[in-house]
Amino acid sequence: MNERQTAITSYLNDRSREHRDALIAAHMYLCKRGARRFRRSTSDSADLEQVAAMGLVKAADAFVAERTTPFEAYAWIVIVGELMHYVRDCEQAIRIPRALRSLDRRYVAAWEVIAAEHHAEPTPRQLADSLDVSLDTIGQLQALRRSQSVERFELLPAPAHGLTLDERLALRMAVDELLERERIIVLGTYGAGLSQAEVARMLGLSQSQVSKVLSRALGKLFQTLAA
């Protein structure tokens with residue numbers, strides 16, 4: 001058993017401050033790796049490593065033996081989420097017009113209402129009419145949201161523990177047929193092993209919104225795979 005695995009096992013058996021600190025120390029390399037990926041100048045490194053370390057601490061506090069995702073993979077996802085959230089907030093403070101920032105929360109609410117009513121992803125025209133704004137404004141907001149979303153979840157494999165190759169391919173195809181937000185939430189919850197609250201924070205949604213979208217997505221997957 002190597003040093004990292006020993007630290008994980010010791011912490012799961014005894015969640016003392018000493019074992020928690022040892023677990024964090026054994027995985028600090030993830031913070032440096034994350035900071036390098038998000039660094040835009042040499043002066044960013046210290047701040048990014050500090051943000052990444054906060055993510056590592058959160059991962060340690062939330063990790064339990066019942067999780068099927070290995071701690072290293074789970075911690076990496078949480079660290080990346082913290083870094084993305086930090087970078088997004090920094091960019092928002094500099095670049096995003098106040099009008100779009102105030103519209104974003106209304107956009108999320110309108111998106112959910114229209115999607116539930118029509119059982120389909122809302123069109124830009126539907127969103128513009130609901131929010132009483134121009135199509136250009138909706139286009140700008142959607143471009144902004146795409147640039148700040150958690151596209152990295154798309155790189156995660158579909159959850160496929162214990163499945164045959166044919167079953168994995170069928171599941172992958174079923175996941176690909178979901179709406180973008182449904183797919184991200186399914187992959188974040190089951191592919192990355194994140195909680196609904198963690199996914200909600202990364203997407204800028206409420207936990208109840210994530211729960212509703214996840215429930216709808218799982219229903220679609222069941223219907224597709226049972227067909």
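The values are calculated or read from the model by the stated rules, or taken from the named source; none is laboratory data. The structure displayed is predicted, hence computed values, not measured ones. No Cβ is skipped: glycine too gets one built from the backbone with ideal geometry, and neighbour counts run over all protein chains shown. Ligands, DNA and RNA are stripped out before the accessible areas are found, and what is left, the full protein with its side chains, is counted by its heavy atoms. Shrake-Rupley method; radii C 1.70, N 1.55, O 1.52, S 1.80 Å.
Against the conditions (1) surrounded by 15 or more Cβ atoms within 10 Å (Cβ to Cβ); (2) more than 16 Å from the chain's Cα centre (by Cα), residue 76 satisfies every one except (2). Quick check on residue 13: is it modelled with pLDDT under 90, more than 13 Å from residue 80 (Cα to Cα) and open to solvent by 70 Å² or more (accessible area, probe 1.4 Å)? Criteria not met by residue 13.
Of all positions in the stretch 180-188, none carries a residue that is surrounded by 17 or more Cβ atoms within 10 Å (Cβ to Cβ) and at pLDDT below 75. Of the helices (runs of 4 or more DSSP H) entirely within the stretch 102-179, those holding at least 1 residues that are at pLDDT below 70 and surrounded by fewer than 18 Cβ atoms within 10 Å (Cβ to Cβ) occupy 135-148, 165-176.
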